[in-house]
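To keep things clear, I will list the structure first and then write my remarks on it.
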Amino acid sequence: MGSCRCSSAWQRVRRGLAAGPVVLQSGPAALLHPSPSLTPYRPPAAAPAPAPASPSSRHLFSDPAETEALRRDLLAWYDRCKRDLPWRTRAATEPSADRRAYAVWVSEVMLQQTQVATVIDYYNRWMQEVNELWAGLGYYSRGKRLQEAARKVVSELAGQMPRTAEDLQKLLPGVGRYTAAAIASISYGQATGVVDGNVIRVLCRLRCIGADSSSPAVIDRLWDMANALVDRSRPGDFNQALMELGATVCVPKAPLCGECPVKQHCRARLRASTTPESGLKGLPCVGQGGLVDEPALIPVPSLQVEKELASASQKLLGKATPVPDVEDCGAGGCPLCPPAAEPWDSSLGVTNFPRKAAKKQPRAARAATCVLERRGCHRAPEYLIVQRPSSGLLAGLWEFPSLPLPQDLQEEKQREALAEHLQAWIGQPVVAAELQLIGEVVHIFSHIHQTYVVYSLSLDGDVTLDAASPPSRWVTEEEFHVSAVSTAMKKVLKACEKQQEKRSNPGQGSKRKRGAKAQGTGSTGPGTQLSLRAFLQPPTAP
């Protein structure tokens, strides 16, 4: 009987093998209860992707007592040391919430990628007479977006500014996350943090954040930290204090760590001052409020010594004393630690933080541009300028007619392409051979190494512009310099003027006094700004 059962079982196995791969039961149950039918093999399902690693608590402000002390120390310093800036005065004294918000809004937009010292004079004149153009600030699209949003406040929101960061960002064009948070916290007291370049630097040093600080994931973490850290009773002052600290003390290079009001909370400073190799090092004695009371030095144990003390405390008291060690943290795949390929550089100290991804080399671009000249009233020279598209590089600015060029295009072909391009603007044939080559002008944008191959051409008689073409107009030299033209175009005109001067006075061009400027050149001082009304008006008839 037993042999029959075994023979029957083997027959079932053979049938299963003939049908394809099988999975056999294993273990005692398989031996005692052979399956009447064999299941075809299926590969196991792929394991689910692991969840993103969470940052170590050493990178966070997880101790409420420390957070409260940091807020207190920073605000006390800000009250003593803050700079006297006009937008701060308006924000503190303006009784109307809407006017207060507008004052902060203008300052924040002006301060985008522009230094405080440059902005102050423009801000004062803007607030005195709103229709001033920011010709000396660059980034002209900022002014256009500000005007669009201001019109929306008046026409659609009954003159009332949105009161929260969420609504400001949602309802006003051109208002991003940072600007919305700054207005809401400073003008309306909303307890929301802000993150700009200065805040990124301060937070990265306070908590040894060495991951790429320009990556979206790290930026989101920094926003979470800023929102957790902001003082609930004085959010606007706290945010300004954090930015002020980064602008005046926790600067990119050579930070003034000895003057920092929150240095006792800075883990980058601790990391720079205590290394396993250093044994004992001295630090300035810190008194109340984080201020230096005297030049005496107190010994600070190295991280290795601190670890040994922590281990001894654990044995004696039964609990561990946490030691903030960024190197230990990095071993666990923490998303906020420096990558393993970029170890700590002891020569950099706290300026190891923040770290950014290596900058990409700017791409090379070439363009042919022509200074097209005619004789206007009283035979004064006038130049043709055309408006760039409303989006992209130098959006909405005015320039000489320009044409992108392939990198390897020969000079003869450049002339022909530019002549055809000019014909489209002025509506009459242009002879390529008549274009006078001036030379090359190089201008470096943040991501583009731009070379302009500059030509000039003088036209005889009146020239009617093609009305079907994008906006264009003839301007005098003085009008050119107060129009919304880029620095690159001012370089182009200067190169053209130099060449003409050499042709008019052979051998004397080099004797011109250094620093001398032709009448009407691009000064950006008071009194030379084009009004916003004039800037936005339709192009004048030729």
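For the reader, a short list of remarks on this structure follows.
- Residues of region 331-347 classified as in contact (Cβ under 8 Å) with a residue 60 or more places away in the chain and open to solvent by 40 Å² or more (accessible area, probe 1.4 Å), total: 7
- Positions within region 69-83 being part of a helix (DSSP H, G or I), open to solvent by 80 Å² or more (accessible area, probe 1.4 Å) and over 13 Å from residue 234 (Cβ atoms), in sequence order: 80
- The single residue among 202, 194, 218 that is in contact (Cβ under 8 Å) with a residue 40 or more places away in the chain and in contact with a Cys (Cβ under 6 Å, 6 or more places away or on another chain) turns out to be 202.
- Count - residues of region 377-415 that are in a loop (DSSP other than H, G, I, E, B), open to solvent by less than 70 Å² (accessible area, probe 1.4 Å) and either touching a strand residue (DSSP E or B) at 6+ places or on another chain (Cβ under 6 Å) or farther than 16 Å from residue 451 by Cα (or both): 8
- Looking at 479, 440, just one residue is of a type in the set (Asp, Glu), in a strand (DSSP E or B) and open to solvent by 30 Å² or more (accessible area, probe 1.4 Å), and that residue is 440.
- Residues in region 238-277 that are under 22 Å from residue 228 (Cα atoms) and polar (S, T, N, Q): 239, 240, 264.
- Of the candidates 422, 465, 418, the single residue that is over 30 Å from residue 361 (Cα atoms), in a helix (DSSP H, G or I) and open to solvent by less than 60 Å² (accessible area, probe 1.4 Å) is 422.
- Scanning region 425-437 for residues that are assigned to a loop (DSSP other than H, G, I, E, B), open to solvent by less than 60 Å² (accessible area, probe 1.4 Å) and free of Cβ contacts under 8 Å to residues at least 60 places away in the same chain yields a single hit, 430.
- Residues in region 482-495 that are closer than 17 Å to residue 370 by Cα and in a loop (DSSP other than H, G, I, E, B): 486 alone.
- Whichever residue in region 130-159 is polar (S, T, N, Q) and in a helix (DSSP H, G or I) and, among such residues, is modelled with the lowest pLDDT: 141
- Meets criteria (at pLDDT 50 or above and farther than 26 Å from residue 430 by Cβ) for residue 528: no
- Tally of residues being touching a strand residue (DSSP E or B) at 6+ places or on another chain (Cβ under 7 Å) and hydroxyl-bearing (Ser, Thr, Tyr) across region 343-376: 1
- Each residue in region 174-205 was checked for being part of a helix (DSSP H, G or I) and closer than 24 Å to residue 97 by Cα, and 12 of them qualify.
- All conditions but one from (1) in contact with a helix residue (DSSP H, G or I) (Cβ under 6 Å, 6 or more places away or on another chain); (2) surrounded by 20 or more Cβ atoms within 10 Å (Cβ to Cβ); (3) modelled with pLDDT of 95 or more apply to residue 260; the one that does not is (1).
- Any chance residue 208 is surrounded by 23 or more Cβ atoms within 10 Å (Cβ to Cβ), at positive phi and either in contact (Cβ under 8 Å) with a residue 24 or more places away in the chain or not in a helix (DSSP H, G or I) (or both): yes
- Residues that are basic (Lys, Arg) and farther than 17 Å from residue 112 by Cβ within region 148-197 comprise 151, 152, 163, 170, listed in sequence order.
- Per this entry, residue 65 is not counted among residues that are in a loop (DSSP other than H, G, I, E, B), out of contact with any Lys or Arg (no Cβ under 7 Å at 6 or more places or on another chain) and either closer than 23 Å to residue 224 by Cβ or modelled with pLDDT of 55 or more (or both).
- Of the criteria (1) in a helix (DSSP H, G or I); (2) under 18 Å from residue 385 (Cβ atoms); (3) of a type outside the set (Gly, Ala, Ser), which one residue 452 fails: (1)
- Any chance residue 213 is in contact (Cβ under 8 Å) with a residue 24 or more places away in the chain, of a type in the set (S, T, N, Q) and within 19 Å of residue 344 (Cβ to Cβ): yes
- Exactly one residue out of 60, 17, 111, 38 is open to solvent by 90 Å² or more (accessible area, probe 1.4 Å) and either at pLDDT 80 or above or not hydroxyl-bearing (Ser, Thr, Tyr) (or both): that is 17.
The values are calculated or read from the model by the stated rules, or taken from the named source; none is laboratory data. Small disclaimer: the values here were computed from a predicted structure and weren't measured. Please note: Cβ atoms are built from the backbone with ideal geometry, for glycine as well, and neighbour counts cover all protein chains shown. Calculation scope for accessible area: heavy atoms of the full protein, side chains included, ligands and nucleic acids excluded. Shrake-Rupley method; radii C 1.70, N 1.55, O 1.52, S 1.80 Å.
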